[in-house]
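S.K.: Pasting a structure here, questions to come.
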Amino acid sequence: NWDREPRGLDFLEEGHCARSAWKEFWPQSGNVQNWDAVGWLRSDSQIEYLLVEAKGHVEEIRSHCGASEKGGLPKIRNAFREAISVYGSAKRVEDWLEPYYQHANRLATLHFLLKNNIPARLIFIYFLGDQWPEGRNSNGQPVTCPKTGQEWESPLKEMYDHLGLKKESELESRVHRLFLHVGGAEKQRG
């Protein structure tokens, strides 16, 4: 279905062995990961998935985990604990639950794919110069829309520091950023 975002690991073909392992790794109820886009690179006979998450304003990078202790929270904690050890983060699981939960669950998904021998990369697109009517989102909250990649750097550094990411792990080398001007004329990579 082309008119909705891909969810969870729906991009894997039916019957793929990682689908059953995913059910053990991540809760299947509640708000499963929604990807802004999923693509792939093909080289020779290998496919490498490209998981895309895009943000138009700074406030979008903040989120919290809404799972409950009786629901999916224990499974999420276990997934984060495993991912934190692979990323080399010295942070606690609770630091990954908020205020940057969405970024953390994308990192955990990348870890899961790679540990199951599914080549993948995460691409975070940060839009430059986005505009919101009256500078507010649909909930009436003010939004900050950076016009340059440098204006994104401070909030992104705050997020990386909070999550304990240092861009030193092999896994982090598979996480990429793209600063893309909304008009498409200018782009910066990072």
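The values are calculated or read from the model by the stated rules, or taken from the named source; none is laboratory data. None of the values given here were measured: they were computed from a predicted structure. When we count neighbours, we look across all protein chains shown, and the Cβ atoms used for this are built from the backbone with ideal geometry, even at glycine. Please note that ligands, DNA and RNA were not included when accessible areas were found on the heavy atoms of the full protein model with its side chains. Shrake-Rupley method; radii C 1.70, N 1.55, O 1.52, S 1.80 Å.
S.K.: Which value in Å does the Kirkwood hydrodynamic radius of the chain take, with 1/r averaged over all unlike C-alpha pairs and then inverted?
M.R.: Computed over Cα pairs of the chain, the Kirkwood hydrodynamic radius comes out at 17.6 Å.
S.K.: So, one more: Once neighbouring chains are kept in place and the probe is 1.4 Å, which whole percent of the accessible area of the chain is contributed by carbon and sulfur?
M.R.: With neighbouring chains kept in place, the figure for the chain is 49 percent.
S.K.: Here is a follow-up. Between Gln141 and Arg19, what's the calculated FRET efficiency when r is the beta-carbon distance and R0 is 35 Å? Round to 0.05.
M.R.: For Gln141 and Arg19, the calculated efficiency is 0.45.
S.K.: List the chymotrypsin sites (Phe, Trp or Tyr not before Pro) in the range 1-51 that DSSP assigns to loop (not H, G, I, E or B) and whose Cβ has at most 11 other Cβ atoms within 10 Å. Which are they?
M.R.: Those satisfying the criteria are Trp2.
S.K.: For the chain, what is the mean residue ellipticity at 222 nm derived from helices alone (per DSSP H run of n ≥ 4: -39500 (n - 2.57); sum divided by total residues; nearest 500 deg cm²/dmol)?
M.R.: That comes out to -9500 deg cm²/dmol.
S.K.: GNM on the chain, C-alpha springs below 10 Å: top fluctuator among Ser43, Ser20, Ser29?
M.R.: Maximum fluctuation in the GNM of the chain, among the listed residues, is at Ser43.
S.K.: Compute the length gained on full extension between Gln28 and Leu178: take 0.36 nm times their separation in residues and subtract their Cα-Cα distance, giving the result in nm to one decimal.
M.R.: 51.0 nm
S.K.: Using θ = phi - 60° and the Karplus form 6.51 cos²θ - 1.76 cosθ + 1.60, what ³J(HN,Hα) does each residue of the range 169-174 get, whole Hz, x for Gly and Pro?
M.R.: Rounded to whole hertz, the list is 7, 4, 5, 5, 5, 9.
S.K.: Let me ask you something else. Skipping prolines and chain starts, which residues have an amide H placed within reach, meaning under 5 Å, of the one on Ala54, given they are 5 or more residues away or on another chain?
M.R.: Asp36, Ile125
S.K.: Can you tell me the relative contact order of the chain? Whole percent, Cα pairs under 8 Å, sequence separation 6 or more.
M.R.: Averaging sequence separation for qualifying contacts and normalising by length gives 22 percent for the chain.
S.K.: So how far apart, in nm, are the two label points at Glu134 and Glu59 if each is 7 Å from Cα heading toward Cβ?
M.R.: With each label placed 7 Å out from Cα toward Cβ, I get 1.2 nm.
S.K.: Given a Förster distance of 30 angstrom, what is the FRET efficiency for Leu114 paired with Ser68, based on the Cβ-Cβ distance and rounded to 0.05?
M.R.: 0.55
S.K.: Next question. Return the loop-located GluC sites (Glu not before Pro) in the range 39-136 (DSSP other than H, G, I, E, B) with at most 16 other Cβ atoms within 10 Å of their own Cβ; answer none if there are none.
M.R.: Loop-located and lightly packed - Glu69.
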